[in-house]
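Data first, discussion second: the structure below is written as structure tokens.
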């Protein structure tokens with residue numbers, strides 16, 4: 001298992017966090033996504049390291065940006 005932390009810009013509510021959680025959770029190998037709305041930090045647990053481009057695309061699909 002691998003855990004990575006990303007910072008997402010623009011989330012302001014639980015709905016925002018849920019959208020980001022859902023999109024990242026769809027990536028292959030992801031087993032958990034924890035969002036800290038106050039800091040914008042998103043912790044992702046996956047079977048193997050994720051490609052940054054894949055995470056970026058998922059966050060952008062949710063309507064936000066990686067810092």
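Please treat every number below as a calculation from the coordinates, not as lab data. Only a predicted model underlies this, so the values are computations on that prediction, with no experimental measurement involved. With ideal geometry, Cβ positions are generated from the backbone for all residues, glycine too; neighbour counts draw on all protein chains shown.
Data overview
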quantity	calculated
Within the range 20-47, tally of residues that are within 16 Å of residue 9 (Cα to Cα), out of contact with any strand residue (DSSP E or B) (no Cβ under 7 Å at 6 or more places or on another chain) and not in a helix (DSSP H, G or I)	4
Enumeration of residues in the range 20-32 that are more than 9 Å from the chain's Cα centre (by Cα) and either in contact (Cβ under 8 Å) with a residue 12 or more places away in the chain or surrounded by 14 or more Cβ atoms within 10 Å (Cβ to Cβ) (or both)	26, 27, 29, 30, 31, 32
The range 1-19 - residue that is exposed (fewer than 14 other Cβ atoms within 10 Å of the Cβ) and part of a loop (DSSP other than H, G, I, E, B) and, of those, farthest from the chain's Cα centre (by Cα)	1
Matching option when the condition is over 16 Å from residue 66 (Cβ atoms) and touching a helix residue (DSSP H, G or I) at 6+ places or on another chain (Cβ under 8 Å), among 47, 22	22
Residue 50 part of a loop (DSSP other than H, G, I, E, B), over 9 Å from the mean Cα position of the chain (by Cα), free of Cβ contacts under 8 Å to residues at least 40 places away in the same chain and surrounded by 12 or more Cβ atoms within 10 Å (Cβ to Cβ)	no
